[in-house]
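Here is the structure we will look at.
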Amino acid sequence: PIRFGTDGRRGVVRDPATGDLKVVDVTPDNEADVLVHDAHAASPTTAFALSRLADPDTLHQTPIGVLRDVERPVYDTLMSDQLDAAVEQKGKGDLAALLAGGDTWTVVG
């Protein structure tokens with residue numbers, strides 16, 4: 001559960017009407033509503049909402065820590081795989097032939 005402050009008296013809950021996160025004083029009546037954050041969740045929604053609690057009208061402090069920790073492909077790897085697939089399907093290609101090909105035009109003036 002996301003609790004903080006002196007003796008963990010404050011907590012973060014999701015407003016059922018809006019879906020927004022808000023900071024509340026934790027009581028026995030709302031203790032079950034305190035948000036439990038999963039940094040490994042596929043959706044970034046809760047992590048983003050937690051990052052927005054830095055608003056001076058709500059927390060007056062900035063949440064820090066691991067808000068999101070998911071396994072995803074690395075951009076460079078995906079790009080390299082895409083280039084390899086294109087070369088495999090269409091061949092290595094020839095830049096000089098491309099530049100001197102018939103689909104060119106000249107700007108005059």
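A few comments on the model shown:
- Figure legend. Inter-residue proximity from region 77-89: first residues touching a residue at least 60 places away in the same chain (Cβ under 8 Å), second residues outside any helix (DSSP H, G or I), beta-carbon distance below 6 Å, spacing 6+ or different chains. No pairs are indicated.
- Some residue of region 72-91 being open to solvent by less than 90 Å² (accessible area, probe 1.4 Å) and in contact with a His (Cβ under 9 Å, 6 or more places away or on another chain): no
- Within region 21-58, considering residues that are part of a loop (DSSP other than H, G, I, E, B) and among the acidic types (Asp, Glu), the one farthest from Glu71 (Cα to Cα): Asp29
- Restricting attention to region 37-71, the residues that are surrounded by fewer than 12 Cβ atoms within 10 Å (Cβ to Cβ) and in contact (Cβ under 8 Å) with a residue 24 or more places away in the chain add up to 5.
- Subset of region 6-15 (residues that are over 25 Å from Val70 (Cβ atoms) and open to solvent by 50 Å² or more (accessible area, probe 1.4 Å)): Thr6, Asp7, Arg9, Arg10
- Residue count for region 92-109 satisfying the condition of being surrounded by 10 or more Cβ atoms within 10 Å (Cβ to Cβ) and outside any loop (DSSP other than H, G, I, E, B): 1.
- Each residue in region 21-36 was checked for being surrounded by 14 or more Cβ atoms within 10 Å (Cβ to Cβ) and among the acidic types (Asp, Glu), and 1 pass.
- Residue check for Thr18: open to solvent by 80 Å² or more (accessible area, probe 1.4 Å) and part of a loop (DSSP other than H, G, I, E, B): yes
- Taken over region 55-96, the criterion of being among the basic types (Lys, Arg) and at pLDDT 90 or above is satisfied by Arg68, Lys90, Lys92.
The values are calculated or read from the model by the stated rules, or taken from the named source; none is laboratory data. Bear in mind the structure is a predicted one, so any value in this text is a computation, not a measurement. Using ideal geometry, Cβ is built from the backbone for each residue, glycine included, and neighbour counts are taken over all protein chains shown. These accessible areas exclude ligands, DNA and RNA; they are computed on the full protein's heavy atoms, side chains included. Shrake-Rupley method; radii C 1.70, N 1.55, O 1.52, S 1.80 Å.
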